Amino acid sequence: MKILTKEVLKAFAKQGYCGNKQTKDIKIVMKLFNPTGAGTWYLYEKEDEDIYWCFANLNDPQNAECGTVSMSELMAFKGRFGLHIERDMHFKPLSMTLEQVINLIKSEQPACLTILIKNKKKTV
């Protein structure tokens, strides 16, 4: 699967520099994920041919954060069954803001905590 399509590259160009924008004004251009384990990257700015700014969640929503990622390193990754990092084909470029993604990810609770909360509510 091609990761950087023409549509995605145009969206990065349209987004431009984000350093002086608030999270509510920064649009997510592309979502990448590890199909065999932890790792989701919401890319929003292209710094150069290899470095991109993103909001990364490495399976710990409370410690997910913004930072840079190397596209070449992501593409070199080989997970279980030889699978590589993939682009979410159903994610529409510029359809969500960084603020929306942060709020969504940070509000996620681990499945075991959700079960405990549900069971506690049933017993009360």
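The values are calculated or read from the model by the stated rules, or taken from the named source; none is laboratory data. The structure displayed is predicted, hence computed values, not measured ones. When we count neighbours, we look across all protein chains shown, and the Cβ atoms used for this are built from the backbone with ideal geometry, even at glycine.
Condition first: exposed (fewer than 12 other Cβ atoms within 10 Å of the Cβ) and either at pLDDT below 95 or of a type in the set (Ser, Thr, Tyr) (or both). Now tell me which residues in the stretch 21-37 satisfy that.
Hit for the stretch 21-37 is Gly37, nothing else.
Residue by residue through the stretch 31-50, note down the ones that are in a strand (DSSP E or B) and either at positive phi or of a type in the set (Ser, Thr, Tyr) (or both).
Thr40, Tyr42, Tyr44 - these are the residues of the stretch 31-50 that are in a strand (DSSP E or B) and either at positive phi or of a type in the set (Ser, Thr, Tyr) (or both).
Count, please, the residues in the stretch 66-91 that happen to be surrounded by 12 or more Cβ atoms within 10 Å (Cβ to Cβ) and within 25 Å of Lys14 (Cα to Cα).
The qualifying residues number 11.
Of everything in the stretch 62-98, what is assigned to a helix (DSSP H, G or I) and acidic (Asp, Glu)? Give them in sequence order.
If the condition is that a residue be assigned to a helix (DSSP H, G or I) and acidic (Asp, Glu), then Glu73 is the only one that fits.
When residues of the stretch 1-20 are filtered for being farther than 13 Å from Pro93 by Cα, surrounded by fewer than 16 Cβ atoms within 10 Å (Cβ to Cβ) and of a type outside the set (A, V, I, L, M), how many remain?
5
With the structure loaded, tell me whether Asn59 is surrounded by fewer than 14 Cβ atoms within 10 Å (Cβ to Cβ), in contact with a strand residue (DSSP E or B) (Cβ under 9 Å, 6 or more places away or on another chain), part of a loop (DSSP other than H, G, I, E, B) and not aliphatic (A, V, I, L, M) or whether it fails that test.
Details: surrounded by fewer than 14 Cβ atoms within 10 Å (Cβ to Cβ): yes; in contact with a strand residue (DSSP E or B) (Cβ under 9 Å, 6 or more places away or on another chain): yes; part of a loop (DSSP other than H, G, I, E, B): yes; not aliphatic (A, V, I, L, M): yes.
Considered against the rule, which asks whether it is surrounded by fewer than 14 Cβ atoms within 10 Å (Cβ to Cβ), in contact with a strand residue (DSSP E or B) (Cβ under 9 Å, 6 or more places away or on another chain), part of a loop (DSSP other than H, G, I, E, B) and not aliphatic (A, V, I, L, M), Asn59 comes out as yes.
Could you tell me whether Gln62 is polar (S, T, N, Q), more than 21 Å from His84 (Cβ to Cβ) and modelled with pLDDT under 95?
So Gln62 passes the test.
Search the stretch 30-47 for residues being touching a residue at least 24 places away in the same chain (Cβ under 8 Å) and of a type in the set (A, V, I, L, M, F, W, C), and hand back the single one that is nearest to Thr5 (Cα to Cα).
The extreme case among them is Met30.
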